[in-house]
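So the structure is just underneath, and the comments pick up after that.
The values are calculated or read from the model by the stated rules, or taken from the named source; none is laboratory data. Model, not experiment: these values are computed from the prediction. Don't worry about glycine lacking a Cβ; one is built from the backbone with ideal geometry, like all the others, and counts go over all protein chains shown.
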Amino acid sequence: MEKTTTRLVEITRPDVDLAELQRTFDGIPRDPYLKVGVRHRTQSRFRYEPDRLVLLDRVDLYQSSDINPLEQYGGIVRTYPDMPAWVQTSPAFRAFIDHWLSLVPVPVTEFSAHQIRTVGDGSPVPEGRHRDGYEYVAVFVAKRHGITDDCARTTVWDAATEERIVDEVVLRDGEMVTFDDRLVLHDVSPLVPSGEVTDAYRDVIILTFPDHSKTLEHGKVVAESQKGGSS
């Protein structure tokens, strides 16, 4: 794929060991909160240092219902496990992060990485066209398995003009889209299993800045939830 560059969106292919990044999805647990389809999920917070990545303490995820309107998904505190601890010393993961940070026009110290595996004929974006609620976001396709070549099409709109910046592009293994989440909306069409395959899935790593503990309302909502003994 040719590199696509605009003021708001870039599509690139990081020069990384793709097999090592794919291996991070081994044993990824099911997302117990999603009620429409099946997905598996982890999330972690990292601090970026010149000579290493540091896995930070786990923090629950909160997205307001304005950002994520899915029933029993947005507007609640969700608890997910971390990515495998070995990723913080993985050369492939470090190279992947270095590539992303070269595209982000502001200094980044702490960020989040979210792994999502969408299964079967599920929708990678069940909430539809939306923002994630961060400043900068990247979606990296680690692996497409057992799905048709033309499914899971990514579209990105300029939020101000509704112009399509990325028009139903299929991101292949090892490709990523980086965008200014404050200025665009994005969506991905559902998966279509290929033939009689029984284990169709699409694996992505989503990178977000700032990290998910610093999103709007997060601190107050999570603190109140934990104080009340729920998560």
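The set of residues in segment 21-62 being polar (S, T, N, Q) and outside any strand (DSSP E or B) consists of Gln22, Thr24. The number of residues in segment 32-53 that are free of Cβ contacts under 8 Å to residues at least 60 places away in the same chain and under 17 Å from Ile205 (Cα atoms) comes to 1.
Residue count for segment 108-133 satisfying the condition of being of a type in the set (Val, Ile, Thr) and over 25 Å from Ser213 (Cβ atoms): 1. Taking the criterion of being of a type in the set (Val, Ile, Thr), in contact (Cβ under 8 Å) with a residue 12 or more places away in the chain and farther than 17 Å from Asp203 by Cβ, the residues of segment 152-188 that qualify are Thr155, Val156, Ile165, Val166, Val169, Thr178, Val184.
Here Arg23 fulfils each of the conditions (1) modelled with pLDDT of 95 or more; (2) within 26 Å of Leu183 (Cα to Cα); (3) charged (D, E, K, R); (4) out of contact with any Asp or Glu (no Cβ under 6 Å at 6 or more places or on another chain) apart from (2).
Does Thr154 count as in contact with a helix residue (DSSP H, G or I) (Cβ under 6 Å, 6 or more places away or on another chain) and under 27 Å from Ala92 (Cα atoms)? Judged against the criteria, Thr154 is not a match. Annotation for segment 118-136: at least one member residue is over 23 Å from Pro29 (Cβ atoms) and among the aromatic types (Phe, Trp, Tyr).
Total residues in segment 187-231 satisfying the condition of being touching a Ser or Thr at 6+ places or on another chain (Cβ under 9 Å), outside any strand (DSSP E or B), at pLDDT 90 or above and not polar (S, T, N, Q): the figure is 6.
Just one of the listed residues (Arg129, Arg78) is under 21 Å from Leu61 (Cβ atoms), out of contact with any Lys or Arg (no Cβ under 6 Å at 6 or more places or on another chain), of a type in the set (Lys, Arg) and surrounded by fewer than 17 Cβ atoms within 10 Å (Cβ to Cβ), and it is Arg129.
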